[in-house]
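Here the structure comes first, spelled out in structure tokens, and everything after it is commentary.
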Amino acid sequence: MAEVTVSPAGKVKVDRVVCAVDCGYAVNPLTVAEQLEIQVSDEEIESLVREQGDAVGDDVDDTLLRLRETGRFEALRDDLRLRNALDRVAGEVKRIPRELADAREAIWTPDKEKQQTDTKLWTPGSEGAT
């Protein structure tokens, strides 16, 4: 993005240019699950359903039967597989020391990007356009 000033004579002066780059990694849980060969067994699914069913007083065997009949059992397997992949990634993240975090914060913050300026950005159709 650029902020410019246009003189009455039509000369354009670039006042400020802002560029942004996403330096982070995009994490696709499906790709992580495949690369790490994460699998979820029937026993893991049943254990989770039993735990949650017992907590709310449901008939767990009936719930498991309905999950299998409707295909939700396999959907739950997929969901758990992705959750396990993200848990694994999150578990391997290394925290940076507080001193390093403070040093990074001192170098840049979004608030420091907000400059107080009277420069107007001219666009076609704005006031003063001919």
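The values are calculated or read from the model by the stated rules, or taken from the named source; none is laboratory data. Owing to the predicted nature of the structure, the values given are computational and were not obtained by experimental measurement. All Cβ positions, even for glycine, are placed from backbone atoms using ideal geometry, and neighbour counts span all protein chains on display.
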**OP:** Consider only pairs whose beta carbons are under 8 Å apart and that are at least six residues apart or on different chains; among these, list those whose first residue lies in region 1-17 and is more than 16 Å from Pro124 (Cα to Cα) and surrounded by 11 or more Cβ atoms within 10 Å (Cβ to Cβ) and whose second residue is at pLDDT below 85 and among the charged types (D, E, K, R).
**Re:** Asp15/Glu3; Arg16/Glu3
Original post:
Is there a residue being surrounded by fewer than 12 Cβ atoms within 10 Å (Cβ to Cβ), free of Cβ contacts under 8 Å to residues at least 60 places away in the same chain and among the acidic types (Asp, Glu) anywhere in region 95-102?
Top reply: yes
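Each row is one residue, and each column tells you yes or no for (1) more than 30 Å from Pro124 (Cβ to Cβ); (2) touching a residue at least 40 places away in the same chain (Cβ under 8 Å); (3) basic (Lys, Arg).
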residue: Cys19; (1), (2), (3): no, no, no
residue: Pro29; (1), (2), (3): yes, yes, no
residue: Leu36; (1), (2), (3): yes, yes, no
residue: Gln39; (1), (2), (3): yes, yes, no
residue: Val60; (1), (2), (3): yes, no, no
residue: Leu64; (1), (2), (3): yes, no, no
residue: Ala85; (1), (2), (3): yes, yes, no
Original post:
Can you spot a residue in region 12-26 that is in a strand (DSSP E or B) and among the acidic types (Asp, Glu)?
Top reply: yes
Original post:
Do we have any residue at all in region 103-116 that's at pLDDT 85 or above and either farther than 21 Å from Leu48 by Cα or hydroxyl-bearing (Ser, Thr, Tyr) (or both)?
Top reply: yes
Original post:
Hey, Leu65 hits all of (1) loosely packed, with under 15 Cβ neighbours inside 10 Å; (2) under 19 Å from Asp87 (Cα atoms); (3) among the hydrophobic types (A, V, I, L, M, F, W, C) but one; which does it fall short on?
Top reply: (2)
**OP:** Consider Arg95 carefully, then state whether it is at pLDDT 65 or above, under 30 Å from Leu30 (Cα atoms), touching a helix residue (DSSP H, G or I) at 6+ places or on another chain (Cβ under 6 Å) and not aliphatic (A, V, I, L, M).
**Re:** no
